[in-house]
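Q: This is the structure I have questions about; it appears just below.
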Amino acid sequence: MLETCRTSQERWGGVHQLIDRWLAERNQLILDYTQLRKRTPVPDSADTALSTFCDVLVDYVSAGHFEIYEQLLREAQDFDDQRGIELAHQVYPRIEAITLEAVAFNDRYGQAASIIDETQMQQQLEQLGGLLHERFELEDCLIEVLHTAHKDLLGAV
């Protein structure tokens, strides 16, 4: 998963500063996810690694919905890119469903003040990881279609 992120960052890094920051946040999300998956059970004290992961998770999915996707769709509309608009309408519902799962994970574990069931959390984290991987692929597809369609019009990156 991390290698895919690095490849995406290399491929799309110069498209726009907003996307650059978003891909850097994706990279941090993957690093935090990997750290949580490899850890041994934590003591009964505050779980800062889990809390940090949840913070980055919410920031990442929020930036996607409230900044990146909006901008990509606006770009497609500005260039009357029907293929990009159609792809966005096909992909967004699945991304939205994954976002709801990410938010539910955060609601469950983001501010866990009490002792959590580590085994259950790890199972849910693994499921979330699969969903995030799917989301990253969908996001990369959106960026690729819009970038490819508009790169000549926007100027070389």
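The values are calculated or read from the model by the stated rules, or taken from the named source; none is laboratory data. The structure displayed is predicted, hence computed values, not measured ones. Here the Cβ positions follow ideal geometry from the backbone for every residue, glycine too, while neighbour counts run over all protein chains shown. All accessible areas refer to the heavy atoms of the entire protein, side chains included, with ligands and DNA or RNA removed. Shrake-Rupley method; radii C 1.70, N 1.55, O 1.52, S 1.80 Å.
Q: In the list Thr119, Thr48, which residue meets the criterion of being open to solvent by 30 Å² or more (accessible area, probe 1.4 Å) and touching a Pro at 6+ places or on another chain (Cβ under 9 Å)?
A: Checking each option against the conditions leaves just Thr119.
Q: Something else about it: What pairs come out if I take residues in region 67-78 that are open to solvent by 50 Å² or more (accessible area, probe 1.4 Å) and pair them with residues that are modelled with pLDDT of 85 or more whose C-beta lies under 9 Å away, six or more apart or interchain?
A: Close Cβ pairs satisfying both conditions: Glu67/Trp22; Gln77/Gly84; Gln77/Ile85.
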